[in-house]
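J.: Dropping a structure here in structure tokens format, bear with me for questions.
Values quoted throughout were computed directly from the atomic coordinates according to the rules given, and no laboratory measurement underlies them. Please read all numbers here as calculations on a predicted model, not as lab measurements. Here Cβ is always computed from backbone atoms with ideal geometry, including for glycine, and neighbour counts include all displayed protein chains.
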Amino acid sequence: MKLYASDNSGNSWKIRILLSLLDVPCERVDLDFFGKREHKSPWFMQINPRGQVPAMEIEGKYFWDSTAHLVYIARKWGGEQWLPTDPLGMTDVMHWMAFAQNQVQFGLQWARGVVLKLKTTGDFVEMQRQGRLALQILNDHLQHNDWLAVGRTTIADIACYPYVAKSPEGEFDVAAYPHVVAWLRRCEAVPKWPERK
Ligand SMILES: N[C@@H](CCC(=O)N[C@@H](CS)C(=O)NCC(=O)O)C(=O)O
């Protein structure tokens, strides 16, 4: 198993979190994202035609999206803890995984990309609106729940965590969402939760 990643990438961070929590060894290839923009180089576009990190080589095949990577690692090494197989439990986890790929990505991730000049196109006002919607939805849910799905830590929390943690870099006032802040601290208190790189 090989992870193609980059240090400043929240989507790569998701994979590092689960690998660390489960103590799963994985070869890592670090791409020069800012300097050489290696994620757009011909050799990497053969691996991921979207030109994005993370990508993974798993059992001889390439997969491009952090959701797919988390699902594989959770099912292969995580037992029932991180992605349960009962229909309702799996639906609950996948519901928040989909949210991570919608409002969290198109709002929180992309707004940060504009502020840090990683992303040069798109409507910043709309990204801010989507991002605030993401934080409000999370805050409302976390007011009555410690974790996003099935009452325990799962890959749903891992999928949402990085870009919520990085949201101040996208000019979001995360402190205005106290239940979200408390959840971030709960995630960070999980043993072996790796720090940001
Ligand atoms: N939905 C993808 C998003 C991946 C993504 O947006 N990666 C960023 C870095 S965190 C990237 O490579 N951006 C460069 C680009 O989109 O051109 C996932 O979850 O893996």
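J.: Using only alpha carbons, build the gyration tensor for region 87-188 and give me the equivalent ellipsoid semi-axes, biggest first, whole Å.
T.: So the three semi-axes of region 87-188 are 23, 14, 11 Å.
J.: Something else about it: Do the sum for the chain: with -39,500 (n - 2.57) for every DSSP H run of n ≥ 4, divided by all residues, what is the mean residue ellipticity at 222 nm, to the nearest 500 deg cm²/dmol?
T.: -14000 deg cm²/dmol
J.: Still on this structure, I have one more. Take each complete run of DSSP H in the chain, measure how far its Cα atoms stretch along the helix's own axis, and keep only those covering 20 Å or more with mean Kyte-Doolittle hydropathy at least -0.5; list them.
T.: Within the chain the helices that satisfy the rule are 124-142.
J.: Kindly work out what percent of the DSSP beta bridges joining two residues of the chain are antiparallel, to the nearest 5.
T.: 65 percent
J.: Sorting check: for 35-46, 14-25, 53-64, 80-91, which peptide has the highest mean count of neighbouring beta carbons within 10 Å, and how do the rest follow?
T.: For the peptides 35-46, 14-25, 53-64, 80-91, the packing ranking is 14-25, 53-64, 80-91, 35-46.
J.: Under a Cβ-Cβ cut-off of 13 Å, what is the net charge of the residues other than Ile158 that fall near it, where Lys and Arg count +1 and Asp and Glu count -1?
T.: Neighbour charge sum, excluding Ile158 itself: +3.
J.: Let me ask something additional. Would you mind counting up the charge near Phe124? Only other residues with Cβ under 15 Å from its Cβ, with Lys and Arg at +1 and Asp and Glu at -1.
T.: Summing Lys/Arg as +1 and Asp/Glu as -1 gives +1.
J.: So how much slack lies between Lys2 and Lys40, counting 0.36 nm per residue of separation and subtracting their Cα-Cα distance, in nm?
T.: Result: 11.8 nm gained on full extension.
J.: Right, something else. Report the GluC sites (Glu not before Pro) located in region 112-197 that are in a DSSP loop and have at most 15 other Cβ atoms inside 10 Å of their Cβ, or state none.
T.: Glu171, Glu195
J.: Let me ask you something else. Using square roots of five times the C-alpha gyration tensor eigenvalues, list the equivalent-ellipsoid semi-axes of region 20-124 in whole Å, biggest first.
T.: 27, 20, 11
J.: Additional query: Less than 12 Å from a label point 7 Å out along the Cα-to-Cβ axis of Leu116: which backbone N atoms in region 28-72 qualify, by residue?
T.: Zone members listed by number: 33-34.
J.: Also, I was wondering about something else. Step through the table entries Lys76/Lys192; Lys14/Lys61; Lys61/Lys166; Lys36/Lys192; Lys76/Lys119, compare each Cα-Cα distance with 28 Å, and write down the pairs that go over it.
T.: Listed pairs above 28 Å: Lys61/Lys166; Lys36/Lys192; Lys76/Lys119.
J.: Output the Cα-based Rg and Dmax of region 2-77 in Å, rounding Rg to one decimal and Dmax to a whole number.
T.: Rg, Dmax (Cα atoms, Å): 11.7, 35.
J.: Same structure again: With only alpha-carbon atoms counted, please give the Rg and Dmax of the chain, in Å.
T.: So, for the chain, Rg and Dmax equal 16.2, 48 Å respectively.
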